[in-house]
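Undergrad: Take a look at this one; I'll ask things after.
The values are calculated or read from the model by the stated rules, or taken from the named source; none is laboratory data. Being a predicted model, the structure only gives us computed values, none of them experimental. Here the Cβ positions follow ideal geometry from the backbone for every residue, glycine too, while neighbour counts run over all protein chains shown. To get the accessible areas, we keep the full protein, side chains included, count just its heavy atoms, and leave off ligands, DNA and RNA. Shrake-Rupley method; radii C 1.70, N 1.55, O 1.52, S 1.80 Å.
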Amino acid sequence: MDESIDHTNRDDGTNDCTTTGSFDDHGIDDGSELIRRTYYRLVADNRDAFEPTDRFLDRLADAFTRAYLTATGAYELPPHVAAAIDDARVWAEVEFADEPDADLRGTVIPAFYRHAAGFHCAYRD
């Protein structure tokens, strides 16, 4: 099942962004790198299970941010990436509010990535 989302954001109307390669303009060719790095950052902070709390979701967004910064070698987030992460955090909160047993590695982080990547596609220049 392909869960990639296409977004049209070019003047000629062609699709040039999918969630799979959304961050390729930042040197990240495959979203699985961000998913993997985010998971291991959470595990390193003793957070290996999902919790539908504000504190955990903030931590998830922070782990994703740090994974992005490490993967790109950047010192700060571009504004459109920060906005995409903020919006992904909100969508993840809504999506998993009633799923306290959601699998962190296989479900929650990939969904967070898809949301962030989808918003990034919409927000990037």
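Undergrad: Enumerate the pairs (first residue in segment 79-92 and over 13 Å from residue 65 (Cβ atoms); second residue anywhere and hydroxyl-bearing (Ser, Thr, Tyr) and open to solvent by 30 Å² or more (accessible area, probe 1.4 Å)) with beta-carbon separation below 6 Å, excluding pairs fewer than 6 apart on the same chain, so at least 6 apart or on different chains.
TA: Correct list of pairs: 80/123.
Undergrad: Out of all the residues in segment 51-72, is one or more among the β-branched types (Val, Ile, Thr) and either open to solvent by less than 20 Å² (accessible area, probe 1.4 Å) or touching a strand residue (DSSP E or B) at 6+ places or on another chain (Cβ under 8 Å) (or both)?
TA: Within segment 51-72, the first condition is being among the β-branched types (Val, Ile, Thr), and the residues that meet it are 53, 65, 70, 72.
From what's left, either open to solvent by less than 20 Å² (accessible area, probe 1.4 Å) or touching a strand residue (DSSP E or B) at 6+ places or on another chain (Cβ under 8 Å) (or both): none.
Scanning segment 51-72, I find no residue that is among the β-branched types (Val, Ile, Thr) and either open to solvent by less than 20 Å² (accessible area, probe 1.4 Å) or touching a strand residue (DSSP E or B) at 6+ places or on another chain (Cβ under 8 Å) (or both), so the answer is no.
Undergrad: Oh, and also: Can you report the number of residues in segment 93-106 which are under 15 Å from residue 61 (Cα atoms) and either of a type in the set (Gly, Ala, Ser) or touching a residue at least 24 places away in the same chain (Cβ under 8 Å) (or both)? Talk me through it step by step, then tell me what you get.
TA: First, the residues of segment 93-106 that are under 15 Å from residue 61 (Cα atoms): 93-96, 104-105.
Pick out the ones that are also either of a type in the set (Gly, Ala, Ser) or touching a residue at least 24 places away in the same chain (Cβ under 8 Å) (or both) and you get 93, 96, 104-105.
Residues flagged as under 15 Å from residue 61 (Cα atoms) and either of a type in the set (Gly, Ala, Ser) or touching a residue at least 24 places away in the same chain (Cβ under 8 Å) (or both) within segment 93-106 amount to 4.
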